[in-house]
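Colleague: One structure coming up, written as structure tokens, with questions to follow.
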Amino acid sequence: MQNSLDSGGLAEVDASPSRVALHRAVKQRLLSQTKPPGSLGMLESIAERIALLQNTLAPSAERTRICVFSGSHGIAEAGVSAYPSEVTIQMVATFLAGGAAVCVLARAAGASLHVVNTGVDGVTDPSWLQNPAFFGRSQRAGTRSFLREKAMSSNECKGAMEAGAEQVALARQDKIDVLAIGEMGIGNTTSAAALCAALLQLPPELVTGHGTGVDSAGLARKQQVIAQALAKHTPSQNEAQDPQHWLEAVGGFEIAAMTGAILAASEAALPIVVDGFIATAAALVASRLSPKALDVCFFAHQSDERGHRLVLERMRVTPILSLGMRLGEASGAALALPILRASTRLFCEMATFESAGVSVPANA
């Protein structure tokens with residue numbers, strides 16, 4: 001498996017003399033530090049990638065932000081979740097009150113938190129509009145049930161993707177070094193599994209897990225729902241792999257927003273930390289829309305959701321952590337942020353053999 005944290009692809013994208021020189025300087029910096037070559041493992045490749053993305057020998061992951069994109073799903077009415085649909089808007093309130101897991105983890109990571117409503121079904125508390133961390137970008141009150149029709153229109157999908165791109169623009173404006181993305185939306189593991197099954201041409205049972213904790217009967221129901229949806233929305237043969245078609249047909253507003261964020265981050269060369277299974281589905285869509293999109297993606301963790309490991313393998317990317325988590329809401333991405341910060345600090349602050357007066361290896 002190709003490690004997503006390898007930087008070779010970045011050098012290949014831009015082979016200008018200045019980029020080649022920077023790449024060599026980054027490699028030399030890592031080789032000259034007081035450690036056996038490669039002994040810091042993934043920390044070295046993380047730092048290398050960030051240095052190349054930021055086009056500097058002084059990479060930074062000090063200023064970080066987490067964006068949680070929220071949206072309701074019409075497919076939830078098919079009984080694919082252990083929780084009722086109204087939990088989505090209730091969790092938005094919990095995010096803004098600072099009590100959710102991601103809020104705690106964001107504080108621990110020293111990251112700011114933005115909550116984006118891309119299309120939550122329910123009455124929005126007027127006080128949310130006064131909260132600078134809240135962004136009301138609702139396309140409609142939840143997607144449609146994709147058992148009956150496409151989840152969203154082309155214009156709705158475009159609007160959700162623009163909501164994600166907006167967060168990248170704000171991050172650049174606020175001089176954020178690293179942006180992390182995650183989601184909240186009851187029913188979204190069903191959408192994510194449907195997207196992965198469609199784009200990777202995999203049987204639904206291989207990528208469909210228990211999500212919020214459905215029992216065996218619930219899992220079978222999810223798999224059947226996805227199989228029916230794929231059969232309903234499969235276009236003509238030459239369009240079967242069209243990522244935009246599948247995003248509109250079975251996706252979610254929050255998944256579309258994360259897709260838009262990844263694509264915008266790719267254009268801005270902004271490092272972006274991708275959370276769990278649902279965010280990975282967005283990265284899969286983004287990579288099909290623009291192959292270079294994965295250059296900016298750091299995959300936070302391998303979740304405990306069935307299919308996540310397989311999808312990561314098919315995308316040829318390696319996650320940073322594996323903690324048996326399956327919460328979503330950018331909780332895994334929040335945990336990965338301090339690792340990115342540590343990697344860049346090691347790159348910038350660690351002594352070299354020369355500066356420390358340490359003898360170099362005999363075969364150097």
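Derivation of every value follows stated rules applied to the coordinates shown; laboratory data play no part. None of these values were measured; they are calculated from a predicted model. Note that we place each Cβ from the backbone using ideal geometry, even for glycine, and neighbour counts take in every protein chain shown.
Colleague: On full extension of the chain, what length is gained from residue 90 through residue 31, given 0.36 nm per residue of separation minus the C-alpha to C-alpha distance?
Modeller: Working: separation 59, 0.36 × 59 = 21.24 nm, distance 5.02 nm.
This chain segment gains 16.2 nm when fully extended.
Colleague: Between residue 355 and residue 174, how high is the FRET efficiency from 1/(1 + (r/R0)^6) when r is the Cβ-Cβ distance and R₀ = 30 Å? Nearest 0.05. Intermediate results must be reported in sequence, preceding the final value.
Modeller: Values: r = 34 Å, r/R0 = 1.13.
Here the calculated transfer efficiency is 0.30.
Colleague: How large are Rg and Dmax for the range 167-251 when only the alpha carbon atoms are used, in Å?
Modeller: Using the Cα atoms of the range 167-251, the pair Rg, Dmax is 16.0, 48 Å.
Colleague: Go ahead and estimate [θ] at 222 nm for the chain from helices alone: -39,500 (n - 2.57) per DSSP H run with n ≥ 4, summed, over the residue count, rounded to 500.
Modeller: Calculated from helices alone, the mean residue ellipticity at 222 nm is -15000 deg cm²/dmol.
Colleague: Just to be sure I understand the curve: with the Debye formula and one point per C-alpha of the range 64-341, what is log10 I(q)/I(0) at q = 0.07, 0.13 Å⁻¹?
Modeller: Calculated log10 I(q)/I(0) at the listed q: -0.20, -0.74.
Colleague: Which of 150/175; 27/158; 27/292; 175/292; 158/222 have a Cα-Cα distance over 30 Å?
Modeller: Values: 150/175 38 Å; 27/158 40 Å; 27/292 22 Å; 175/292 23 Å; 158/222 27 Å.
Over 30 Å Cα-Cα: 150/175; 27/158.
Colleague: Under 5 Å between amide H atoms, partner at least 5 residues away or on a different chain: which partners does residue 66 have, H built in plane at 1.01 Å?
Modeller: 112, 113, 114, 180
Colleague: Would you kindly give the portion of the calculated P(r) for the range 141-286 that falls above 25 Å, as a percent of all Cα pairs? The partial results should precede the final answer.
Modeller: Working: 2801 of 10585 pairs.
Result for the distance tail: 26 percent.
Colleague: Relative to the Cα centre, what is the charge dipole magnitude of the chain, using +1 at the beta carbon of each Lys and Arg, -1 at the beta carbon of each Asp and Glu, and rounding to the nearest 20 debye?
Modeller: Values: 29 positive and 32 negative charges, 85 e Å.
Around 400 debye, computed over the chain.
Colleague: Could you check which residue among 180, 197, 82 shows the biggest mean-square fluctuation in a GNM of the chain with a 10 Å Cα cutoff?
Modeller: 82
Colleague: Placing +1 at every Lys and Arg Cβ and -1 at every Asp and Glu Cβ, with all other atoms neutral, what dipole size does the range 273-335 have around its Cα centre, in debye to the nearest 20?
Modeller: Values: 7 positive and 6 negative charges, 52 e Å.
So the magnitude is around 260 debye.
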